[in-house]
Every structure is written in C-alpha cells, then in structure tokens.
1. If I ask for residues that are in contact (Cβ under 8 Å) with a residue 60 or more places away in the chain and open to solvent by less than 20 Å² (accessible area, probe 1.4 Å), which ones from the stretch 260-281 would you list?
2. Any residue at all in the stretch 189-212 that is open to solvent by less than 10 Å² (accessible area, probe 1.4 Å), within 22 Å of the chain's Cα centre (by Cα) and among the acidic types (D, E)?
3. Hey, can you tell me all the residues within the stretch 68-93 that are open to solvent by 40 Å² or more (accessible area, probe 1.4 Å) and either in a helix (DSSP H, G or I) or over 17 Å from D179 (Cβ atoms) (or both)?
4. Examine the stretch 27-36 for a residue that is modelled with pLDDT under 95 and either aromatic (F, W, Y) or within 21 Å of the chain's Cα centre (by Cα) (or both), and state whether such a residue exists.
5. Looking only at residues that are open to solvent by less than 70 Å² (accessible area, probe 1.4 Å), under 22 Å from the mean Cα position of the chain (by Cα) and over 20 Å from L256 (Cβ atoms) in the stretch 94-132, which one is modelled with the lowest pLDDT?
6. If a residue must be of a type outside the set (S, T, N, Q), in contact (Cβ under 8 Å) with a residue 24 or more places away in the chain and more than 18 Å from G155 (Cβ to Cβ), how many such residues does the stretch 174-191 contain?
7. Name the residue, out of D273, D283, that is at positive phi and at pLDDT 95 or above.
8. Is there a residue being in contact with a Leu (Cβ under 7 Å, 6 or more places away or on another chain), of a type in the set (K, R) and assigned to a loop (DSSP other than H, G, I, E, B) anywhere in the stretch 113-128?
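The values are calculated or read from the model by the stated rules, or taken from the named source; none is laboratory data. Quick caveat, the model's predicted, so the values are computed rather than measured. Here the Cβ positions follow ideal geometry from the backbone for every residue, glycine too, while neighbour counts run over all protein chains shown. Surface areas here come from the heavy atoms of the whole protein model, side chains and all, with no ligands, DNA or RNA. Shrake-Rupley method; radii C 1.70, N 1.55, O 1.52, S 1.80 Å.
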Amino acid sequence: MHDRERRLHRLEQIVALFALAAVLALTVGFAQAGPPKKKVAAETAGESPEKVFLHSSVALVQDAGSGELLISKNQDAVLPIASITKLMTAMVLLDSQVDLWQSVSISDEDYDNLKGTRSRLRPGSILTRDELLLLALMSSENRAAAALARTYPGGSDVFVAAMNAKAQALGMSDTRFVDSTGLSSANVSSAPDLARLVSAAYEYPLIRDYSTRDSAKVHARGQTLGFRNTNGLVRNSGWDIGLSKTGYISEAGRCLVMRVRLASRELNVVLLDSWGKYSRIGDANRIRKWVESHLPASPRT
C-alpha cells in the first residue's frame, strides 16, 4: 500500500513539473513576441464615430472637386513612393511636346542596376515613345520609363530636374525625385502632395487613358509582347477608375493612387506602404464600402 502511495505521489510531482514548464514556456514566448499589435484606424470626416481600419501605413481620400478631406491616416509622413513616380514622368514628357511617334531603342543604360528588376524589353527593342509611355503607366515598365528620360532633350539629368521643377510648381513641397522610374527609395512624397499629383495628372487625357488600360500588346524584336495593368481593379466592372498608378519597392511597400468615382463623387485616393501583396486592394475596397455607406451622393456634373 505504501509503495502504491509513493508511486502516486511521484506521478503527481511529475505532472506538476510538466505544468510548471508549460507555464514558463508560455511566459517566455509572450515576452519575446511582445504584446499583440493594435490596429490603427484612419480618421474619417464628419460626426460619424465609424473608423476605417486600413493596412496601408499612409492613407488619404479627398473630394477632388472641393478638396474636402474624407479619410486620413499618417498623412504628414514623407515616404518612398516607388512607381507612383511614373505619373510625374508622364507629365514632364507630355509637357515637353516631344514627338511621341519617334522610335526609341532600348539600351543597356536602361537596365535596372539598383534593384535588378526584370523586363521583357531587351536591348535593341525599338518602340515609339507613345508605346513606352503606355507601358510605363499601365504595366509600370521600368526600362520604358528609363528610356523616356534617357532620350529626353538634354538626357536623364535634365529630365529629373524638370520633374522636380514640376513638383515645385504644383506646390508639392514634400516631394523629391532622383530618377524617372521610382526604383530609388530617394523618390519621396507625402499623401497630400500625391493628391495634388493625381489631380494634375488627371488633366492629361493620355495619362487617364493609358493608366487605366486593361492590357496592351507591342511588337519588339520580331515578337508580340503582351502587358497587363498592374492594378487589377481596372478590370473590375464595379469600379469607375479615371486614373491609376501602382508602385512597389521594398522600402516603399505596396502603393496605389487613383482618381475614382464613388457615391457620385470624384475622389483622389492615396495608399502608401501597404504591407501585403493584396492589402492595398483590400484597403481600396474598405474605403469604397465606407464612402458608399457614410457619405451622401453628390449630384453628377
């Protein structure tokens, strides 16, 4: 009987030791991981207590007509903007009134030596400036944007200087450009500046057209190459998008700017540093749901 009691007592001790070890493991794990991260909501306009929980670090939604700010999150942050840059590239090119139908040959100089991104526009590919502009805006083609700057009168340095001068003229005081592609993390801006950029770019019919094309084909080096828009929302019939540009480099995260009609309002939408591959699209849908649920429709003009 005594032996049985001793065995039971030892078993109880072993169970207690295992339980203590489990508690200690959980405690250490929690300390290493830290407290759970809190979601940060974007501030919304009006008296509604509703919040919009967005995955983008920076967000801004503005009525393009009145300038009224509808949604704002970290709007004063100045961050890398990646290929959103190409909207400025397009405006500077069109302002110069260079011949869009002039042929341009892709060169080794147009390679991305910074990030090592790939392109199907191989050296020796000959396209018109118009085709390069289309690919830069629609599919965010980096070699196309680099070639447009390289063949600009005076070359790339003069082109970048014109980009910065244009930004200054638009009142984009937080904005700086160092290249035409956005591959450099030194291309930076803020959400209010990018709303100005969207409004300015929207005045160019060709930018509206090319940035919202679903897809396009070009002929280069005896091949037909197909390209698609990097913003899948332009292929969604439920969206009325008048201008679009995506961007991504590791320092910038996933970025998206749009001019879009929601609830009969023309809105500028800016999303920067979204951490997931699809989170900027998810944020756009969350913004749409909030706008359509909380804002009265404006009469169509």
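1. Of everything in the stretch 260-281, those that are in contact (Cβ under 8 Å) with a residue 60 or more places away in the chain and open to solvent by less than 20 Å² (accessible area, probe 1.4 Å) turn out to be L267, N268, V269, V270, L271, L272, S274, G276, S279.
2. Scanning the stretch 189-212 turns up at least one residue that is open to solvent by less than 10 Å² (accessible area, probe 1.4 Å), within 22 Å of the chain's Cα centre (by Cα) and among the acidic types (D, E).
3. Selection gives E68, L69, N74, Q75, D76, V78.
4. The answer is yes; a qualifying residue exists.
5. Within the stretch 94-132, the match that is modelled with the lowest pLDDT is G116.
6. 5
7. Result of the check over D273, D283: D273.
8. yes
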